[in-house]
């Protein structure tokens, strides 16, 4: 039967109206964002623009959006991180580089929905590291600015290189070796999880040369290596081929020793920046990332006035002679592993079982997340919780009490008062400076529905003096930064925007 035979009044839609309706319906469940990722490192700096497509999960009337597609719009050339004569980074030159990148990509800052700025390696030591992050201060609502210490950079490199995904696909143990300008970061992965990280002070740009081969920058670790092989380094002088080879070969010996988990000489110990890797499990495969990896995998041949090319050559020689035995894989991301996609937006809401001690304290923005690797479905103690918090902070190079952070965890089991009290007590023990500082909110996020009860225990029983934000039915993880919006009075829910560093899986752009 035709609708016209029913005798009802109805409207005829024009093709333009039909298109507009279809677009409106599509927009309810789909979000497309333009993002930028910026990496300022010891040796190089670069950025990448991407288009990210997010889609609402269909099951259970979920409000969570997930990434379903990503297209790289433009990659910048690799810039040698510019330094002034006093060893500070030249923020003016960086600003010009970033400005030219927008022009070449035919984008403006207004076109960018969100982004991530990451400072890594030697860049963190510079006196004006804060000034570099502040280049994006005017976009602070859009951008996540993070300083990555050694453990966090190792974790980011293992994700961004594809090593983590590779370990998940074959359920293997993969060691990612990120060889940068000032440091080497090791990430030991198994089954899609990071088991351990380590870092030591070896890198391709610890010595820099001008066009004539004169040394124009010498970092402290390079002097340590040089002294170990009987070479003296002096600014303004040249380094002989023989002495360069001695230094590079000794650096490779250190890398090989750490890759084989046998750093048993004095120089290895002197260059160590973190704890060493555990001796187990056995390593099934090796991946490389960082600037030097481009030479190792044969994607770069140009000498950049440092030790990078020579270091890669000797590493390839060591690999060919099985001084590092596991098979070497190339996930393909190399120098761009630290942050290869910038950020995504994920939208969630927390409902009527939340606890907000002071509604005037909302909104809060760009709060980094520390995700606890702890099973809360069975028996646990307050000490278990505080130990898990300490491990998460160490993994992410966070210093408790210095800045705001959100503790996230998966909640399960019976919502008994004794269990929630132990959880609350463990949170207070694990975050003592945060709890004592009235200017720092205590932000707790769980995927269960006990947010209000936990918040009440923290405030009424444990007497936390500052602001407490306890939200539930939300899933967060490492690399997330969360915005918690103002409560919606009609529904008594708060919206959360989760900004996640978005890493590319092997085989993707």
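The values are calculated or read from the model by the stated rules, or taken from the named source; none is laboratory data. The structure displayed is predicted, hence computed values, not measured ones. Don't worry about glycine lacking a Cβ; one is built from the backbone with ideal geometry, like all the others, and counts go over all protein chains shown.
Being over 17 Å from residue 445 (Cβ atoms) and in contact with a helix residue (DSSP H, G or I) (Cβ under 8 Å, 6 or more places away or on another chain) is the filter here, so list the residues in region 403-416 that pass it.
The first filter runs over region 403-416 and keeps only residues over 17 Å from residue 445 (Cβ atoms), leaving 413-414, 416.
Passing the criteria: only 413.
Tally up the residues in region 234-254 that are within 12 Å of residue 307 (Cβ to Cβ) and either in contact (Cβ under 8 Å) with a residue 24 or more places away in the chain or outside the structural domain of residue 179 (by TED's automatic domain parsing) (or both), please. Write out each step before concluding.
Pass one, region 234-254, residues within 12 Å of residue 307 (Cβ to Cβ): 239, 243-252.
Among the residues that remain, those that are also either in contact (Cβ under 8 Å) with a residue 24 or more places away in the chain or outside the structural domain of residue 179 (by TED's automatic domain parsing) (or both) are: 239, 244-245, 247-252.
Summing the residues that are within 12 Å of residue 307 (Cβ to Cβ) and either in contact (Cβ under 8 Å) with a residue 24 or more places away in the chain or outside the structural domain of residue 179 (by TED's automatic domain parsing) (or both) in region 234-254 gives 9.
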Residue tally, condition surrounded by fewer than 17 Cβ atoms within 10 Å (Cβ to Cβ) and touching a strand residue (DSSP E or B) at 6+ places or on another chain (Cβ under 8 Å), over region 393-403: 1
What number goes with the only condition from (1) free of Cβ contacts under 8 Å to residues at least 40 places away in the same chain; (2) assigned to a helix (DSSP H, G or I); (3) surrounded by 15 or more Cβ atoms within 10 Å (Cβ to Cβ) that residue 407 does not pass? (2)
If we scan region 410-422, do we find a residue that is within 28 Å of the chain's Cα centre (by Cα), surrounded by 15 or more Cβ atoms within 10 Å (Cβ to Cβ), without any contact (Cβ under 8 Å) to a residue 60 or more places away in the chain and outside any loop (DSSP other than H, G, I, E, B)? no
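Here's the yes/no breakdown for (1) modelled with pLDDT of 95 or more; (2) outside the structural domain of residue 305 (by TED's automatic domain parsing); (3) outside any strand (DSSP E or B):
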| residue | (1), (2), (3) |
| --- | --- |
| 185 | no, no, no |
| 194 | no, no, no |
| 199 | no, no, no |
| 203 | no, no, yes |
| 208 | no, no, no |
| 212 | no, no, yes |
| 217 | no, no, no |
| 227 | yes, no, yes |
| 230 | yes, no, yes |
Restricting region 186-207 to residues that are surrounded by 24 or more Cβ atoms within 10 Å (Cβ to Cβ) and free of Cβ contacts under 8 Å to residues at least 60 places away in the same chain, the one nearest to residue 308 (Cα to Cα) turns out to be 187
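Which of the residues that make up region 2-56 are in a loop (DSSP other than H, G, I, E, B), at negative phi and at pLDDT below 65?
We begin by selecting, within region 2-56, every residue in a loop (DSSP other than H, G, I, E, B); these are 2, 7-14, 41-43.
Okay, now just the ones that are also at negative phi, so 2, 8-14, 41-43.
2, 8, 9, 10, 11, 12, 13 - these are the residues of region 2-56 that are in a loop (DSSP other than H, G, I, E, B), at negative phi and at pLDDT below 65.
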Name every residue in region 353-392 that is assigned to a loop (DSSP other than H, G, I, E, B), modelled with pLDDT under 85 and touching a strand residue (DSSP E or B) at 6+ places or on another chain (Cβ under 7 Å), in order of residue number. 354, 362, 363
For region 146-160, check the following and say yes or no: at least one residue is over 17 Å from residue 41 (Cα atoms) and either assigned to a strand (DSSP E or B) or modelled with pLDDT of 90 or more (or both). no
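List the helices (runs of 4 or more DSSP H) inside region 241-333, counting only whole elements, that have at least 3 residues being out of contact with any strand residue (DSSP E or B) (no Cβ under 7 Å at 6 or more places or on another chain) and either modelled with pLDDT of 95 or more or under 18 Å from residue 202 (Cα atoms) (or both). First the steps, then the outcome.
Working: elements: 241-259, 266-271, 293-296, 308-320.
Result: 241-259, 266-271, 308-320.
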